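Worksheet for the structure shown next.
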Amino acid sequence: MSGHSTYEPKTGIERWLDARLPIIRLGYDSVIAYPTPKNLNYWWTFGGILSVCLVLQIVTGVVLAMHYIPHGDLAFASVERIMRDVNHGWMIRYLHANGASMFFLAVYVHMARGLYYGSYKEPREVLWILGCVIYLLMMATAFMGYVLPWGQMSFYGAVVITNFFSALDQVIPGLGSAITTWLWGGFAVDNPTLNRFFSLHYLLPFVIAGVVGLHIWALHVPGNNNPTGVSVKSKDDVVPFHPYYTVKDGFAIVVFLILLSWFVFFAPDALGHADNYVQANPLQTPNHIVPEWYFLPFYAMLRAVPQKLAGVLIMFGSIALLFATPWLDWAKVRSMRYRPTARWFFIIFIVAVLILGWCGGKLPDDVIIPMGKNPDGSPTGFSVVHLSRILTAYYYAYFLLVLPFVKNFEQTLPVPDSISAPVLTEKKG
Amino acid sequence: MATVNATNDVHGDDPSRRDFIHIAAASAAVGGVAVTLWPFIDQMNPAGDTLALASIEYDLSKVIEGMQATVKWRGKPVFVRHRTAKEIAEAVAADNEPMRDPAKDATRHKEGKSEWLILVGVCTHLGCVPNFGTGDYGGWFCPCHGSVYDTSGRIRKGPAPLNLEVPDYEFVSDTKVKIG
């Protein structure tokens with residue numbers, strides 16, 4: 001899309017169509033001739049992997065909707081029918097459920113790659129923000145999809161997430177309750193809630209597809225970032241997307257699909273919760289409710305704060321920070337390959353998020369380091385909630401202190417003059 | 001641009017009439033959009049049949065002392081708890097302790113009916129259903145985020161901001177309550 005098009009229609013039909021709707025030209029310029037930095041590593045294949053995930057989710061989802069019944073009394077049984085009676089239903093549902101997990105796995109790698117190589121920096125701010133929008137839409141879609149089987153985890157997941165808005169009662173009394181009632185279509189999560197979640201769960205993936213289109217558009221204007229973070233300076237720095245990256249992405253996609261297949265065929269419920277095979281009961285909450293693994297770090301942040309509104313704000317704030325990242329990082333050097341200090345902070349950041357995820361799966365009062373006992377004999381000491389607080393503080397500090405200010409204390413390594421330069425030097429050595 | 005300016009110059013005070021038309025047209029459009037949008041927003045609020053869910057009556061004689069019944073009212077659980085003397089004594093004794101949402105035990109039940117505690121069984125944090133008998137204060141413990149309520153349903157520990165809600169109810173007879 002950037003630069004002028006090199007597409008030359010070869011047949012009469014192509015010329016005829018090109019003068020009326022240059023769609024072949026668009027495809028040619030976007031995925032055949034598109035000039036791509038020649039040094040992209042495998043971390044760059046996750047964009048292609050994510051496109052495959054989206055298509056997989058839409059195709060399996062449309063099929064599931066042919067058999068699913070969005071009604072409080074019938075939903076659970078209809079999902080069991082898909083699992084037992086519908087031809088290949090078990091496989092299609094497991095593909096959809098595990099596909100969602102793999103989608104998040106891929107998006108987290110994709111985001112971490114962007115953070116490490118500075119892909120959010122000028123001139124790719126809009127590209128990054130569109131990615132954040134997609135991530136938000138993914139979370140909303142995944143959450144509503146998880147509610148549809150109407151199991152116990154589905155139900156109480158819906159209860160807890162929609163109740164985030166009730167925290168607004170602490171700002172303007174009545175506002176939060178008005179919003180939750182509006183979201184539920186009643187005074188509790190019930191059939192009307194399930195109905196609308198189904199409607200929106202079907203809609204949002206197509207909205208995501210639309211924003212993905214914008215995301216790719218915004219990618220193709222400045223072009224890809226690359227592991228050096230150095231901008232493309234000449235034709236020597238790029239190769240055409242096809243065949244170089246169609247093949248590289250294709251290989252990564254196959255490897256990724258092997259991972260997905262392993263889950264689908266050998267551990268289809270490993271990432272789920274047994275409680276969700278119990279039908280929703282509005283009168284009894286399961287003893288230990290946890291969200292899906294991809295939300296656990298945020299869940300830990302929510303619970304790290306013993307005040308309702310503050311907890312909700314800290315959790316949403318952690319995502320708002322992602323949107324602001326392009327303007328929080330004041331360092332001139334893009335890639336952390338040449339930022340020895342920032343790189344360590346980044347590695348600690350990734351570890352912190354992973355441990356936060358672990359905390360999210362534990363009970364807040366679970367003791368990690370025992371220091372004495374309660375009067376009733378149970379151990380007390382440094383607990384999951386304390387650890388969550390430290391890690392949440394680090395998460396915030398990474399964006400608000402490390403990214404803006406670490407450059408003041410950092411001696412960056414020499415950055416190559418161009419993408420080709422280090423390759424040529426390495427060859428000589 | 002030049003043409004527009006020229007027109008303005010020629011017509012003198014005409015721009016004010018034109019501005020008026022612009023503002024009027026824009027206002028009508030905004031108003032129209034708002035009026036059209038509202039039904040599409042309001043349709044998500046509780047429907048007539050949902051609102052019509054009437055009050056329910058419950059026979060208390062089924063609940064023996066120290067037990068609790070959970071009744072569904074407007075889609076939510078309501079706890080009907082027959083408190084023991086010990087639970088009542090603990091609740092009253094705690095009346096003057098510092099609390100997040102201070103309330104005397106006497107305000108949590110009907111006069112002379114301190115053994116009957118009727119509460120909406122929805123945690124005021126994020127809406128889970130607390131379980132009785134666990135937690136540090138002899139009352140309810142919410143499994144979701146660890147809020148602890150005492151034997152009067154008052155919040156004592158954890159993230160919930162408010163006490164468990166006391167719904168509108170009245171005693172129809174000595175053994176029957178009408179909730180809602």
Self-check item: Elements of type helices (runs of 4 or more DSSP H) in region A:125-213, at least 2 residues being out of contact with any strand residue (DSSP E or B) (no Cβ under 7 Å at 6 or more places or on another chain) and open to solvent by 50 Å² or more (accessible area, probe 1.4 Å)
Solution: A:125-147, A:175-184
Quiz item: Which numbered condition trips up A:Trp217, out of (1) more than 25 Å from the chain's Cα centre (by Cα); (2) more than 12 Å from chain B (Cβ to nearest Cβ)?
Solution: (1)
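Does region B:118-167 hold any residues that are part of a loop (DSSP other than H, G, I, E, B) and over 23 Å from A:Thr180 (Cβ atoms), and which are they?
Going through region B:118-167, the residues part of a loop (DSSP other than H, G, I, E, B) turn out to be B:121-130, B:133-137, B:142-147, B:151-154, B:158-167.
Once the filter is applied, which keeps residues that are part of a loop (DSSP other than H, G, I, E, B) and over 23 Å from A:Thr180 (Cβ atoms), region B:118-167 yields B:Gly133, B:Thr134, B:Gly135, B:Asp136, B:Tyr137, B:Thr151, B:Ser152.
Does A:Met301 meet the test of being within 14 Å of chain B (Cβ to nearest Cβ), within 25 Å of the chain's Cα centre (by Cα), open to solvent by less than 20 Å² (accessible area, probe 1.4 Å) and in contact (Cβ under 8 Å) with a residue 24 or more places away in the chain?
On the way: within 14 Å of chain B (Cβ to nearest Cβ): yes; within 25 Å of the chain's Cα centre (by Cα): yes; open to solvent by less than 20 Å² (accessible area, probe 1.4 Å): yes; in contact (Cβ under 8 Å) with a residue 24 or more places away in the chain: yes.
Answer is yes for this residue.
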Exercise. Report whether or not B:Phe132 is farther than 25 Å from B:Ser61 by Cβ, within 14 Å of another protein chain (Cβ to nearest Cβ) and open to solvent by 10 Å² or more (accessible area, probe 1.4 Å).
Key: no
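Specify which of the listed residues (B:Pro161, B:Pro143) is within 22 Å of A:Ala310 (Cα to Cα), surrounded by fewer than 19 Cβ atoms within 10 Å (Cβ to Cβ) and touching a residue at least 12 places away in the same chain (Cβ under 8 Å).
Details: B:Pro143 fails: surrounded by fewer than 19 Cβ atoms within 10 Å (Cβ to Cβ).
Within the list B:Pro161, B:Pro143, the selection yields B:Pro161.
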Quiz item: Quick one: which of A:Ile348, A:Ile390, A:Ile419, A:Ile355 is outside the structural domain of A:Ala320 (by TED's automatic domain parsing) and either closer than 23 Å to B:His145 by Cα or of a type in the set (A, V, I, L, M, F, W, C) (or both)?
Solution: A:Ile419
Practice problem: Determine which member of the set A:Asp269, A:Asp249 is surrounded by 15 or more Cβ atoms within 10 Å (Cβ to Cβ) and touching a helix residue (DSSP H, G or I) at 6+ places or on another chain (Cβ under 9 Å). | Solution: A:Asp249
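Would you kindly identify the helices (runs of 4 or more DSSP H) lying entirely within region A:310-429 that contain at least 3 residues that are open to solvent by 60 Å² or more (accessible area, probe 1.4 Å) and among the β-branched types (Val, Ile, Thr)? Reasoning before the result, please.
On the way: elements: A:340-360, A:384-397, A:420-428.
Passing ranges, in order: A:340-360.
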Practice problem: Tell me which of these A:Glu122 doesn't satisfy, since it passes every other one: (1) modelled with pLDDT of 95 or more; (2) closer than 30 Å to A:Trp344 by Cα. | Solution: (1)
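What residue, of A:Asp190, A:Asp169, is within 11 Å of chain B (Cβ to nearest Cβ) and modelled with pLDDT under 90?
From the options A:Asp190, A:Asp169, the qualifying one is A:Asp169.
The values are calculated or read from the model by the stated rules, or taken from the named source; none is laboratory data. On a predicted model such as this, the values are computed, not experimentally measured, just so you know. Backbone-built Cβ (ideal geometry, glycine too); neighbour counts: all protein chains shown. Ligands, DNA and RNA are excluded from the accessible area calculation, which covers all protein heavy atoms including side chains. Shrake-Rupley method; radii C 1.70, N 1.55, O 1.52, S 1.80 Å.
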